[in-house]
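Undergrad: Quick one: this structure, given as structure tokens, is what I'll be asking you about.
Read-outs: derived from the displayed coordinates by stated rules, not from any lab. Since we're looking at a predicted model, the values are computed, not measured. As a convention, Cβ positions derive from the backbone with ideal geometry for all residues, glycine included, and neighbour counts pool all protein chains shown.
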Amino acid sequence: MGETEGLPCQALRRVLEESTPNPWRLPEDDESNGGVRQEMAAVEAVLLLPLTVAGRVIGAIALGPRRSGLPFSSLDLELLGTLAAQGAVAIQNALSYRALEELNAQLDARVRARTAALEASNAELDRAYRDLKTAQAQLLLSEKLASLGQLVAGVAHEINNPVSFIVGNIDPLRGNLGMLRALAERHGDAELAGAAEQASRAFELIARGAERTAGIVQDLRTFSRVGDVMPRPMDTHEGIEVTLRLLKPRWNNRIEIHRDYGALPAVSAAPGQLNQVFMNLLANACDAIEGRGNIWIHTAHDGNRITVTIRDDGCGISPEHLDRIFDPFFTTKPQGYGTGLGLAISYGIVTQHGGTLQVSSHLGRGTEFAIVLPIRPPIAG
């Protein structure tokens with residue numbers, strides 16, 4: 001981390017100056033960096049893997065050559081990038097925990113000041129309490145996303161290779177089965193033709209299953225990108241569709257999804273975070289509908305912002321609960337069915353992107369959430 005003893009200082013400075021989120025290695029034809037080359041050789045490093053927190057490179061992992069002597073593959077780099085993201089999330093958790101301790105100290109100081117001087121207002125205490133709860137909620141979400149990202153990385157690494165091998169051989173095998181059927185028909189061998197037809201039907205079932213498995217792995221990787229906190233151009237409709245596919249067991253054959261998509265430009269956002277917002281809102285819509293029902297998703301583009309509305313015809317929210325719907329740890333679900341963090345976290349994510357999240361509801365008629373996002377979020381000053 002930083003310029004810790006043992007890391008190549010000049011190489012690390014170069015990574016920090018370039019602020020790149022990608023693995024970095026010294027170009028072979030770069031003759032102007034003899035000192036950097038010497039430092040990396042001294043620790044037998046061939047690759048620097050940056051650690052990024054909130055878009056800022058704070059250190060790097062120095063990696064030596066593989067024991068096999070082979071270069072790092074794209075899958076190796078993807079897995080290493082996930083491990084680096086996990087490290088960055090751990091650092092973020094530590095910083096969040098420190099901020100949480102500071103907020104606790106501030107809260108205690110404010111309480112003592114009010115007891116001594118009787119001048120602290122109830123509004124200030126409420127605001128401090130909300131800040132404390134929000135910090136706790138963000139810390140819990142960071143830990144949850146870190147665990148989910150580690151699980152998804154393992155699934156993708158272990159399953160993606162064999163599934164890709166199966167999917168890659170579907171077309172050649174389909175062609176061979178077709179040739180076998182044609183050969184049986186040409187020789188008038190009814191028994192062989194029947195066996196080839198049965199094999200073809202079984203093969204198509206296997207092929208559909210393999211392709212569906214590959215699609216699920218890709219959707220999981222798209223949905224949960226732990227280290228993907230840097231804003232980049234994002235396809236909003238793709239994020240919604242990935243979320244719907246992951247939630248399909250909760251709405252399939254029960255809830256009809258009505259899509260009214262407008263023409264949207266790419267939005268500069270952190271895809272993993274916005275996907276979490278879509279997941280929270282759509283999952284709540286599914287839970288609000290008992291039996292059969294409908295969910296309407298509408299998107300529109302107006303000037304320098306986009307709007308995404310998600311509406312259901314479920315049970316709705318009572319007026320006394322509506323004002324507290326975005327409070328951390330507030331939930332109307334039975335114990336064990338909700339933590340009360342989903343909407344609070346969603347509100348925080350949308351706000352951090354420079355947008356707004358609004359809700360309207362009628363008891364017994366349904367609820368609508370409206371997300372308004374700028375195409376390019378404001379630069380934090």
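Undergrad: Across region 168-177, in residue order, what do the Karplus-derived ³J(HN,Hα) couplings come to in whole Hz, using 6.51 cos²θ - 1.76 cosθ + 1.60 with θ = phi - 60° and x for Gly and Pro?
TA: x, 9, 5, 5, x, 5, 4, x, 5, 5
Undergrad: Quick check on packing: order 178-185, 270-277 by the mean number of other C-beta atoms within 10 Å, highest mean leading.
TA: My ranking of the peptides, most packed first, is 270-277, 178-185.
Undergrad: For region 85-102, take each phi angle, set θ = phi - 60°, evaluate the Karplus expression 6.51 cos²θ - 1.76 cosθ + 1.60, and give the result in whole Hz per residue in order, putting x for glycine and proline.
TA: So the J values, rounded to whole Hz, are 4, 4, x, 5, 5, 4, 5, 4, 4, 5, 5, 5, 5, 5, 5, 5, 5, 5.
Undergrad: In addition: Could you pull out every residue, at least 5 positions away or on a different chain, whose amide H is within less than 5 Å of the one on GLY59? Hs are placed 1.01 Å off N in the peptide plane, and Pro or chain starts have none.
TA: For GLY59, the qualifying residues are GLY2, LEU51.
Undergrad: Continuing with this model, one more query. What is the set of long-range amide H partners of ILE306 at a cut-off below 5 Å, with H atoms built 1.01 Å from backbone N?
TA: LEU373, ILE375
Undergrad: In whole Hz and in residue order, list the ³J(HN,Hα) couplings for region 269-278 that follow from phi through the Karplus curve 6.51 cos²θ - 1.76 cosθ + 1.60, θ = phi - 60°; x for Gly and Pro.
TA: Calculated HN-Hα couplings, in order: 7, 8, x, x, 6, 5, 4, 5, 5, 4 Hz.
Undergrad: Can you tally the net charge around ALA285? Count Lys and Arg as +1, Asp and Glu as -1, for every other residue whose Cβ sits under 13 Å from the Cβ of ALA285.
TA: Overall, the nearby charge balance is -3.
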